[in-house]
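Asker: Below: one structure in structure tokens.
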Amino acid sequence: MPLIPLLPIFHRFNRQYFDGLLVKNSKPIVSVRWSDGRLRNTAGLYRHGRKSDGQKVCEIVLSSPILENLPQSALESTLCHEMIHAWIDLVLKVSEGHGQNFYARMKLINSLQNQFQVNIRHQFPVPVKMPKWLGICPSCGCRTPYKRRVSGVACKKCCDVFHGGRWHSSCVLTFEPLSNISNY
């Protein structure tokens, strides 16, 4: 499914499942957008707060890499899930993850229609990120694959055996690209 405009779906769901409360003066009180391609581990998110530069943010972001090739029901389920989070935060003014308010609204929405099901966790296929680095302990030679280089990480086994379970600089892993190593 190519990326489709989200606002018409948002407005329809707002009317159907949220009593129109996520819109004020014909404008959504939360922005809704597709991700720029970097949201790859979850289908969507709701965030409300301030950015590091102090600018306010209140938005629902849907993952274009995950949702673009799935049926529209996956998009609708994810958008509705994130709208429940926004409704709890902005309308009910409650700080809650997947608590009683979330479950009650999810159950209500699922009972009112059968085009999609809102769930706590999606089961959509998420691309697996392969390790690119090999962390090597200079003390015991243990080799562990990593997706990224991690500064200051030490071999737990060596720290436990030689340093009473405390981190020690002699056990800090060195990293080599996996492409340089045939058998790890």
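The values are calculated or read from the model by the stated rules, or taken from the named source; none is laboratory data. From a predicted model like this one, the values you see are computed outputs, not experimental measurements. Cβ atoms come from the backbone with ideal geometry, glycine included; neighbour counts cover every protein chain shown.
Asker: Output the residue which, of all residues in segment 134-171 that are loosely packed, with under 15 Cβ neighbours inside 10 Å and β-branched (Val, Ile, Thr), is farthest from Arg105 (Cα to Cα).
Answerer: The extreme case among them is Val161.
Asker: Within segment 134-167, track down each residue that is touching a residue at least 12 places away in the same chain (Cβ under 8 Å) and of a type in the set (D, E, K, R).
Answerer: Listed by number, the residues that qualify are Arg143, Lys147, Arg148, Arg149, Lys157.
Asker: Which number in (1) over 30 Å from Thr174 (Cβ atoms); (2) exposed (fewer than 12 other Cβ atoms within 10 Å of the Cβ) marks the one condition that Pro65 misses?
Answerer: Answer for Pro65: the failing condition is (2).
Asker: Continuing with this model, one more query. Does Gly37 satisfy the condition of being touching a residue at least 12 places away in the same chain (Cβ under 8 Å) and farther than 24 Å from Leu92 by Cα?
Answerer: On the way: touching a residue at least 12 places away in the same chain (Cβ under 8 Å): yes; farther than 24 Å from Leu92 by Cα: yes.
Here the answer is yes, as Gly37 does meet what is asked.
Asker: State whether the residues of segment 60-76 include one that is on the phi > 0 side of the Ramachandran plot and modelled with pLDDT under 95.
Answerer: Looking for residues that are on the phi > 0 side of the Ramachandran plot and modelled with pLDDT under 95, one finds none in segment 60-76, hence no.
Asker: If you take the residues in segment 92-133 that are β-branched (Val, Ile, Thr) and in contact (Cβ under 8 Å) with a residue 12 or more places away in the chain, which one is surrounded by the most Cβ atoms within 10 Å (Cβ to Cβ)? Let's see the steps before the verdict.
Answerer: From segment 92-133, those β-branched (Val, Ile, Thr) are 94, 109, 118, 120, 126, 128; that's our starting set.
Narrowing further to those that are in contact (Cβ under 8 Å) with a residue 12 or more places away in the chain: 109, 118, 120, 126.
On the way: Ile109: 21, Val118: 23, Ile120: 10, Val126: 14.
Out of the qualifying residues, it is Val118.
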